[in-house]
Structure formats: structure tokens, C-alpha cells
1. Using θ = phi - 60° and the Karplus relation 6.51 cos²θ - 1.76 cosθ + 1.60, list the HN-Hα couplings for the range 18-31 in order, rounded to whole Hz, with x at every Gly or Pro.
2. Please enumerate, by chain and number, the lysines with C-alpha under 25 Å from the C-alpha of K125, excluding those fewer than 8 residues away in the same chain.
3. May I ask you to rank C16, C144 by accessible area, largest first, using a 1.4 Å probe over the protein chains only?
4. In nm, what is the difference between 0.36 nm times the number of residues separating Q76 and D120 and their Cα-Cα distance?
5. Once you charge only the Cβ atoms, +1 for Lys and Arg and -1 for Asp and Glu, what is the size of the charge dipole of the chain about its Cα centre, to the nearest 20 debye?
6. Once amide H atoms are placed 1.01 Å from N in the peptide plane, what residues at a sequence separation of 5 or more from E75, or on another chain, have their amide H within under 5 Å of its amide H?
7. Once the other residues with Cβ under 13 Å from the Cβ of L32 are scored (Lys, Arg +1; Asp, Glu -1), what is the net sum?
8. Classify the range 91-141: rounded, prolate or oblate, from the alpha-carbon gyration tensor (a ≥ b ≥ c, eigenvalue square roots; a/c under 1.5 rounded; otherwise prolate if a/b is larger than b/c)?
Amino acid sequence: MRICPCGSGKTYQECCELLIAGGAKAETAEQLMRSRYTAYADKNVDYILKTTHPETVTELKRDELQEWADSTTWEQLNIVDTATEGQVEFIAYYREKEGTQKHHELALFKKHEGDWFFYDSQFPKQGTVVNTAPKVGRNDPCVCGSGKKYKKCCGAKG
């Protein structure tokens, strides 16, 4: 009895096994996302293809997908957000010969004939970085402590 690779904390048998074996259908996009991650971890390319939306599955090449699956070891899945139905933001960690990689994605799922399928993905929007440190003016004393004005010291263009 192994713990399911999807990070649910449940055993594989009580989590993703029924979905992957075809004995049950995913009730939510997150459930399908977790089972697809487990399929990647188990190198089950057939399930990845089977759960890709019919409109987009033709873009995948089975042999390339299998080659990539065989060259990776999936280590961890973190679900970041599932607030919008049909969208799952996640971070997955996997290892290749170059070392551990981090994959951050917003996966988009659609229903087709009543079943959830992976449809597309995009990179999540990055938040704006806000500098909260006080701004140094040109005529302010230099931050390095030299006693000179900033514009004549560290702020000088050279």
C-alpha cells in the first residue's frame, strides 16, 4: 500500500487508482489534475493521452511523451489554487539528468460529453513587484555613508 504520488495523503488505492484504471471518472478538475500527475509519476502515457481533450490531443506525440516521461522522476505536487472551476494552478517538482526542476502552471480543463479533460495550460500571471523601501532622491545624502550627495556618489552614472 503506497501513498499516492499526487500528494493527497491517501493511499494510491483510495485515491488515483480507480481513475487511472478506468473504474471511476474525475468529479472535479483538481481530481483529474492529481490523477494525471500520478500518471506522469508512473510513466502511464496512455492515461495522459486518454485524459487530454479530443480537440487538443492530436497535438501530442505519444513517442515524444513517452521518451520525456522515461527521462523524468516526479517528486512532488503542490496545488496552489482551484478557485475557478476548470482551472488548477499547481507547482510540480521533477528530476531530470540536469537536476530538480520546478514547473509552475495554470492547467485548464474542459468537460466533454460530461467528463473532465485537460485542455490547455498557461503560465500563471506574475504579481507586480512593489519596492517598499524609501526612494533615495538625487540630492539626498548617499546611502553608503560617504557624506556626498547621492548624485555625486553611488548614483553617479559612470
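The values are calculated or read from the model by the stated rules, or taken from the named source; none is laboratory data. This one's a predicted model, so the numbers in the text were calculated from it and none came from an experiment. No Cβ is skipped: glycine too gets one built from the backbone with ideal geometry, and neighbour counts run over all protein chains shown. Heavy atoms of the whole protein, side chains included, go into the accessibility calculation; ligands, DNA and RNA do not. Shrake-Rupley method; radii C 1.70, N 1.55, O 1.52, S 1.80 Å.
1. 4, 5, 5, 6, x, x, 8, 10, 5, 8, 9, 5, 4, 4
2. K102, K110, K111
3. C144, C16
4. 13.7 nm
5. 1600
6. Amide H neighbours of E75: Y93, Y94, R95.
7. Local charge sum for L32: +2.
8. Since a/c reaches 1.5 but b/c is at least a/b, the shape of the range 91-141 is classed as oblate.
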